[in-house]
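A.B. asks: This structure is in structure tokens; I'll ask about it shortly.
Bear in mind that the values in this text are calculations on the coordinates, not laboratory data. The shown structure was predicted, so the numbers you read here are calculated from the model rather than taken from an experiment. We place every Cβ from the backbone using ideal geometry, glycine too, and count neighbours over all the protein chains shown.
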Amino acid sequence: MRGLFSTLLVVLVALMIVTSEAGKNKKEKNKGGKGGADCAEWLYGSCVANNGDCGQGMREGTCNEQTRKVKCRVPCNWKKEFGADCKYKFGNWGECDAATSTKSRTGTLQKALFNVECQQTVSVTKPCTTKVKNKPKGKKGKGKGN
């Protein structure tokens, strides 16, 4: 009985090894055809949100005559005029322009993700803020009656 159990155990282990190797070979074969291993440089378009302006979306890539779609995400707070795939390094905000009541700063391109075309420099503006200086500090956390 013990001999039969040992033989059965050896056969099961051997069967598990053979099946796992077959599964690995199948996965490697599928990678070549579907993944476009023969294509060296994929060019991707912008990420397009599935619903609305931001959130989960899809990006289409092309290489030679092959196309593929990959999942992506468009950030909801990103400046739409220069896209989420172009990363810029910005300088400090300039002085407030009294005529327009705005201030601006420029950014230079640091990185273009997914080989998308980006502007080398961009400029952004925002309204000037009026900060109240020497604001009296009140007591915090004391409630109505102090």
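A.B. asks: Could you give each residue of the range 40-55 its phi-based ³J(HN,Hα) in whole Hz, using Karplus coefficients 6.51, -1.76, 1.60 with θ = phi - 60°, and x for Gly or Pro?
C.D. replies: 8, 10, 7, 10, 10, x, 6, 6, 10, 5, 5, 10, x, 8, 9, x
A.B. asks: Next up: Taking the Cα of T130, stepping 7 Å toward and past its beta carbon, and measuring to each backbone N in the range 96-111: which are under 20 Å?
C.D. replies: Label zone hits: 96-104.
A.B. asks: Let me ask something else. Report, by chain and number, residues whose modeled amide H sits under 5 Å from the one on C128, excluding near sequence neighbours (fewer than 5 apart, same chain).
C.D. replies: Answer set, sorted by chain and number: T102, K103.
A.B. asks: Grab the other residues whose beta carbon is less than 13 angstrom from that of K71, score K and R as +1, D and E as -1, and report the net.
C.D. replies: So the environment of K71 carries a net charge of +3.
A.B. asks: Using the Karplus curve 6.51 cos²θ - 1.76 cosθ + 1.60 with θ = phi - 60°, what ³J(HN,Hα) values do you get for each residue of the range 68-73, in whole Hz, with x for Gly and Pro?
C.D. replies: Those phi angles translate into 8, 10, 10, 6, 8, 9 Hz.
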